[in-house]
1. Arranged by the count of other C-beta atoms within 10 angstrom, fewest first, what order do B:49, B:249, A:256 take?
2. If R0 is 45 Å, what FRET efficiency do you get for residue B:23 and residue B:188 from their C-beta distance, rounded to 0.05?
3. Kindly put A:231, B:156 in sequence by how many other C-beta atoms sit within 10 Å of each C-beta, fewest to most.
4. For residue B:157 and residue B:259 in one chain, what is 0.36 nm times their gap in residues minus the Cα-Cα distance, to one decimal in nm?
5. Looking only at Cα atoms, what is the convex hull volume of region B:124-196 per residue, in Å³?
6. Working out 0.36 nm times the residue gap between residue A:168 and residue A:121, then minus their Cα-Cα distance, what length gain in nm do you get to one decimal?
7. Largest first, please: the extent of the C-alpha atoms of region B:200-240 along each principal axis, to the nearest Å.
8. How many percent of the alpha carbon pairs in region B:188-274 exceed a separation of 17 Å?
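Just so it is clear, none of the values below were taken in a lab; they were calculated from the coordinates. Only a predicted model underlies this, so the values are computations on that prediction, with no experimental measurement involved. Reconstructed Cβ throughout: ideal geometry from the backbone, glycine too, with neighbour counts over all protein chains shown.
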């Protein structure tokens with residue numbers, strides 16, 4: 001940032017500080033502070049901490065939102081532990097997360113390395129790869145339903161050209177989750193790639209030059225110089241994309257709505273159905289708390305792992 | 001000696017990749033101008049062969065209040081961005097520079113909210129809004145977007161990185177805190193505010209889950225909810241669905257194409273300072 005401070009010499013302080021009662025001055029300082037920070041703090045805390053605490057009380061009740069609630073203690077949580085639908089939803093969510101997070105890191109990094117080359121058309125490539133990130137997940141889902149349509153979709157046309165029989169894609173219980181993962185990657189890679197690209201451009205050129213002078217191959221340079229430099233970004237991306245995967249809703253809503261045969265019913269989708277389709281508010285809130293606990297645990301795990309490897313990303 | 005290729009081998013990777021990312025969007029736009037007969041044939045055609053058909057758009061306009069949905073989304077996003085810019089930069093500055101009782105606690109509370117998933121909040125928030133009588137109004141859609149922990153945090157980090165001398169000079173010249181903030185600090189904060197605006201615009205425009213929960217009157221739908229609900233009843237009306245997709249995504253895509261350099265610069269600005 002190009003700023004000059006020479007024009008404001010400290011010694012030129014205006015004479016005559018107003019001398020006021022120090023207690024009144026302190027009070028006005030506190031009030032000024034709260035006038036700045038108060039409105040946003042009130043909104044954020046009022047719309048998240050307060051409801052989060054309330055959700056805990058709801059999670060210990062049996063309630064449809066209309067009839068009076070009955071407090072049932074930990075019963076909702078006990079039932080969750082034995083609920084086969086919940087177990088299936090958790091399994092689907094874990095599968096999605098386990099596929100999506102590593103894939104978005106590897107592909108994002110690869111795309112970023114490619115986009116970091118100084119070749120013609122690079123601006124065009126960057127634009128193309130980033131555009132899907134701007135499109136909404138709802139619209140992406142609808143578009144995916146078209147592209148992967150088993151009867152006349154482009155995906156089957158491509159398979160036909162290379163001699164693979166037509167697939168059911170989103171209409172097959174065995175394929176739907178994988179297809180959703182591919183679609184989610186299509187929408188998110190732009191973001192990951194841009195973050196990695198920025199990090200690549202921040203790596204000091206001397207580091208790479210020194211390795212090259214020592215006769216290291218491009219692959220070794222990438223493995224021993226670039227990759228370690230990217231680690232903080234990788235920790236950030238891992239957490240960000242874990243949360244994205246755990247909370248993926250819009251895309252599932254506009255592709256499969258949890259089907260076929262519940263094969264894409266994830267935890268967040270299950271929570272939505274419990275609370276807003278079947279009006280089981282208490283049970284839904286308990287499931288949401290479980291999701292919260294898992295999110296927190298996974299994020300802490302990633303941070304801890306990053307710290308152990310000597311990366312202070314947070 | 002290796003022979004140099006006439007072009008960089010990276011093109012062999014980047015060209016197909018670019019096509020994978022952009023062709024579906026091109027197909028979306030082209031399909032929105034096709035007739036149903038043309039859409040339902042296999043193998044699919046990328047380019048319209050029988051001229052431009054506007055049935056998709058006409059059908060959507062007559063069967064749904066799509067203009068209303070778009071206007072609702074524009075309004076919600078405009079309020080979200082404006083409110084974020086004002087409230088989050090004020091709060092960010094307060095937390096970065098002003099010393100007041102309860103500052104540390106308030107900031108920790110705000111940070112603590114970052115990890116709470118929306119799925120946990122939507123049940124009590126829905127009940128709260130129902131009691132306040134704003135469920136099923138546009139207010140329900142924009143109130144959660146008035147400020148965010150992310151926005152406060154982003155602005156605070158930015159202000160912490162600014163040199164404090166300019167502000168001190170202004171204060172010594174007798175300017176009030178608010179005046180210093182508006183005329184000295186804010187002009188320097190444009191990159192951070194651009195980032196905040198872009199993120200708020202993207203996430204409020206594209207949000208589906210919360211307005212889906214909070215709004216059931218179809219005149220109050222946002223574009224994404226309208227599109228999803230239309231899809232729920234007309235799964236196979238592809239021309240209309242693609243027309244809806246075009247209306248829902250093109251405003252942001254065009255804005256992105258016009259301002260892409262800045263756009264990408266703002267995206268990278270975040271991540272890593274956060």
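1. B:49, A:256, B:249
2. The formula returns an efficiency of 0.60 here.
3. Numbers: A:231 15, B:156 23.
Final ranking by Cβ density, sparse to dense: A:231, B:156.
4. Values: separation 102, 0.36 × 102 = 36.72 nm, distance 2.47 nm.
Length difference between fully extended and current span is 34.2 nm.
5. Numbers: hull volume 9.0 nm³, N = 73.
Roughly 123 Å³ of hull volume per residue.
6. Between residue A:168 and residue A:121, full extension yields an extra 13.3 nm.
7. Result, largest extent first: 32, 21, 15 Å.
8. Roughly 58 percent, once rounded to a whole number.
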